[in-house]
Structure formats: C-alpha cells, structure tokens
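Undergrad: Next up is a structure, given as structure tokens.
The values are calculated or read from the model by the stated rules, or taken from the named source; none is laboratory data. Keep in mind that what you see is a predicted model, and the values were worked out from it rather than measured. Neighbour counts run over all protein chains shown; Cβ positions are idealised from the backbone, glycine included. Quick note on the areas: whole protein, heavy atoms, side chains included, nothing else; ligands and nucleic acids left out. Shrake-Rupley method; radii C 1.70, N 1.55, O 1.52, S 1.80 Å.
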Number of protein chains: 2
Amino acid sequence: MKQKNRRDEIIEVASSLFYDKGFNAISMRDIAAAMDIKAASLYNHIKSKQEILAEIILEVAKEFTAGMESVVVANSSAIEKIEKVIELHIDITVNYSEALAALNNDWMHLEGEDLKSFIKMRDDYEENFRDIIKQGIAANEIKPNHPEVILFSILSSLRTLYIWNQKRGKIDVNILKKDMVSVLINGIA
Amino acid sequence: MKQKNRRDEIIEVASSLFYDKGFNAISMRDIAAAMDIKAASLYNHIKSKQEILAEIILEVAKEFTAGMESVVVANSSAIEKIEKVIELHIDITVNYSEALAALNNDWMHLEGEDLKSFIKMRDDYEENFRDIIKQGIAANEIKPNHPEVILFSILSSLRTLYIWNQKRGKIDVNILKKDMVSVLINGIA
DNA sequence: GTCTATAGGATGATAGAC
DNA sequence: GTCTATCATCCTATAGAC
C-alpha cells in the first residue's frame, strides 16, 4: 500500500469538492479550508490549481486506456469484449467515483499538453470501442443498427454511472455488473 | 408583450458559451463581448448572472415536465410510454441542444427557489419514469432486472445525447428515434 | 509545513452621463 | 440602451517569517 502523503490528501479533498460543484466553483481557499489549513500552504505541495485538476483526470484516464488495451488484444467475441468494457467501467466507478466527475465535466479546463493528452486518450478509447462494435456487426453478433447510436448509448450509461451509484445506495458490484450487461446488451423488453 | 428581443439574445449567447465551458468559467464580460457590447449594458436587460442561468435551465426543465405528464396520462403500454419518453428527449435535444449542457452540468449553481424548483421537477420526472418501468415489469412487458438499473441506463443515454448529437454530424431525427428505441429497448445483441 | 501579508488581476454589479 | 468609471470582493499565486 502506498502511504498517503499530504499531496495525495490535497488531490483527494479537491476531488470531493470538484465532485459537488465543479472545478471552477471551488477555490484554493475552499480546498485549504476543507483541510483546516490556509490556501498558501497548499503551494508547498502542489504547483498550481491546474496541476490538481490534471492529476485527478489523467490518473483515471490512464486507467481507462490501460483497461481498454487489454480488452482489445483479448481473443474474444465482440459481445464478450463489450461485457469486459462494461465491467471495466464499473470497477473504475467503484474505485475512483469522485474523480469521474472532473473527468466528465471539467476536462475542458485542462491546459496545454495535459489537455491534448486527455483528448487523445478519450478519442482513442472511443475509436477502440467503435471498432469492437463494427466487428460485432460484421460478424452478425450485433444487430445492424447505426454503430454510432450503439456506441453512444452504452458509453453514456457507463460514463454517468458514477452519479447514480453515489445517489442511490450501492448495489453489490457483481449484481450491478450482471444487470448492466443484461440491460445494455439484451435490452429491457 | 415584453421587450423580448435583446433579452432573448443574451440568453441564447450565454447558453452557447455555457455549453463550451460551463457557467462558472464564463464571465459577464465574456457574454457581453460575444454580443459586441460592454458587460454593464447587460444589466439593462437582466437582473443578474444567476437569472440567466435560471432562465436557461428552467425553460427546458418545464418542457421535460410537460412532456412527461402527457406520457403518463396516455392510455398505452409501458413499452409504448418508454418509446414516447425517448422521442421526447430527442425532440428536446434537437430544439434546445445548448441549454441542455447547463441543465445537466450547472443546475447545482442555481439558488433559492430556482434550485428547489429544479430539483423537484427532476425528482418527479425520475419518479414518473421509475413507475412506468415498474408497471412494465409487473405486466411482464419488461424483463425483471433491477428497475433502477433500467431507469439509469436509459436516462443516462437520453440525457447525454446532446453531446454526441453535436459532435458527430446529425443523423436524421426519425432514423435516430427508430435506432435509439431499438437499441435501448431491444438491446444490441 | 504552515503561517501572514500582499501582489496583481478578474469578477458581479451599480451609478450616472449621453 | 449603451457607455465609462468604479466599487467591493474574490481569485491564484508568491515572498518571507517562524
């Protein structure tokens, strides 16, 4: 286990505050107050407010990228790959619930290389997912609906799972995985 | 009636700016600059920045509420009602695409009665949708998955449709409705 | 590592001239 | 209806004492 230093504590507290109100609504004073110190003291551990945001978002983005890479190279059917992607999202949602708000809503406030890097990871992720769907359609595993509609429908549900998972008492992770796979792949009717 | 034009223009320009960066990242000076006037001039038409936000969000929220009410009272099966809800979201997405960003991401920056009113509309909307799903399960029209998973999966897709609809060239509305109904109700496999 | 003090600039909003 | 000028407050970030 990695020991929790002061810097990590800042990232964690900031994640939680960004979760509620977003990056721009939270000041360095807010973050400091939540840690019972003064804003100036934060700068002994981090370089800027931007750095906090980048830390939060890029860590999770890298998790998604790594997870998707291991799905893509697996020797499985398209449907099995989509099941793996659903499970990946649920695992990350459970482990990084608060960081996901910043990743979803505040990524556009990243700057410079961090912004470019995030956008590339996100686009690559979507492209990989799109390819899986197209392969599934080509192999007659997936119905020939517009691939973009399929991609968007599944990804929207997975990306906003963090909101709903927080709001309503947590369902057991394994039951959640089973039900989401069932609903997203086989439909509700 | 009222001196609507200039005021509506402010709301429209603000919606578009909020769409890109969110309520807190956009200043009154930004809104004014986009209209080629000075920030102080805005206050001849609106009372505060808060008022702009409330106007944007509550107008769309009322559309959703009215639409859901007419679905609820209809004499249809649960699946037919869900189809109507999907069509409602698509229609609103097409007509209010930019306002939906504020509704989804900046509602927590509403204040006082506006905030209370929004939350009540949103909760009532979800409760109506939940009831439709439960009735569908009771009537054996819908598979007995966890109702909350079904509700969340469909609603997530519908609520973030505005992002995807902007990003990728618009598919014809009727094809979009048909495909989304198919994917969300019958699944992809 | 945390503090006080403060720089330097942005912000929402108002007053009053035209 | 729009402008200039301005206020009071907030913001991120730095310097330097302890």
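Undergrad: Residues of the range A:171-189 with accessible area at least 10 Å² lower in the all-protein-chain context than alone (1.4 Å probe)?
TA: Residues shielded by partner chains are A:171, A:179, A:180, A:182, A:183, A:184, A:185, A:186, A:187, A:188, A:189.
Undergrad: Principal axis extents for the protein assembly as shown, Cα atoms only, whole Å, descending order, please.
TA: 64, 57, 36
Undergrad: Based on the alpha-carbon gyration tensor of the range B:49-186, what equivalent-ellipsoid semi-axes (square roots of 5 times the eigenvalues) come out, in whole Å, largest first?
TA: 26, 19, 12
Undergrad: For B:180, B:121, A:108, write out the residues from largest to smallest accessible area, computed with a 1.4 angstrom probe and no ligands counted.
TA: Largest accessible area first, the list is A:108, B:121, B:180.
Undergrad: To continue, here is another question. Give me the net charge of residue A:84's neighbourhood, meaning all other residues with Cβ under 12 Å from the Cβ of residue A:84; Lys, Arg count +1, Asp, Glu -1.
TA: Neighbourhood net charge equals -3.
Undergrad: Chain pair A, B: how much accessible area is buried, both chains summed, with a 1.4 Å probe, in Å² to 100?
TA: Values: alone 11110 and 11190 Å², together 18610 Å².
Counting protein atoms only, the buried area is about 3700 Å².
Undergrad: Right, something else. List, shortest first and in nm to one decimal, how far the label point of residue B:108 (7 Å from Cα along Cα→Cβ) is from its counterparts in the other copies.
TA: Ordered by increasing distance: 1.8 nm.
Undergrad: Using a label position 7 Å from Cα in the Cα→Cβ direction, what is the ascending list of nm distances from residue B:135 to the same site in the other copies?
TA: Going from nearest to farthest copy, the values are 4.3 nm.
Undergrad: Round to the nearest 10 and report in Å² the accessible area of residue A:103, as given by a 1.4 Å probe over the protein chains' heavy atoms.
TA: Accessible surface of residue A:103 is approximately 20 Å².
Undergrad: In what sequence, largest accessible area first, do A:124, A:106 appear using a 1.4 Å probe?
TA: Values: A:124 65, A:106 10 Å².
Per-residue accessible area, sorted high to low, gives A:124, A:106.
Undergrad: Using a Förster radius of 30 Å, what is the FRET efficiency between residue B:21 and residue B:168 based on their Cβ-Cβ separation? Nearest 0.05, please. Write out the running numbers ahead of the final one.
TA: Numbers: r = 21 Å, r/R0 = 0.70.
The computed FRET efficiency comes out at 0.90.
Undergrad: So what's the back-of-envelope 222 nm ellipticity for the protein assembly as shown, counting only DSSP H runs of four-plus at -39500 (n - 2.57) apiece and dividing by all residues, rounded to 500?
TA: The helix contribution divided over the protein assembly as shown gives -22500 deg cm²/dmol.
Undergrad: Let me ask something else. Between copies, how close do the residue A:167 label points come, placed 7 Å along Cα→Cβ, listed in nm from shortest?
TA: In nanometres, ordered from closest: 2.1.
Undergrad: Ignoring ligands, DNA and RNA, what percent of the accessible area of the range A:49-186 is carbon or sulfur (1.4 Å)?
TA: 50
Undergrad: Per residue, how much accessible surface does the range A:75-189 expose to a 1.4 Å probe? Answer in Å², no decimals.
TA: On the way: 5060 Å² over 115 residues.
Value returned for the range A:75-189: 44 Å² of accessible area per residue.
Undergrad: Shifting gears a bit: Using bins 5 angstrom wide from zero, how does P(r) for the range A:16-120 break down, in % of all Cα pairs?
TA: Using 5 Å bins, I get a P(r) of 2, 11, 19, 19, 17, 13, 8, 5, 3, 2, 1 for the range A:16-120.
Undergrad: Give the separation of the Cα centroids, the range A:12-61 to the range A:112-170, in Å.
TA: 28
Undergrad: Check the straight Cα-Cα distances from residue A:116 and name the aspartates and glutamates below 13 Å, setting aside those fewer than 8 residues away within the same chain.
TA: A:124
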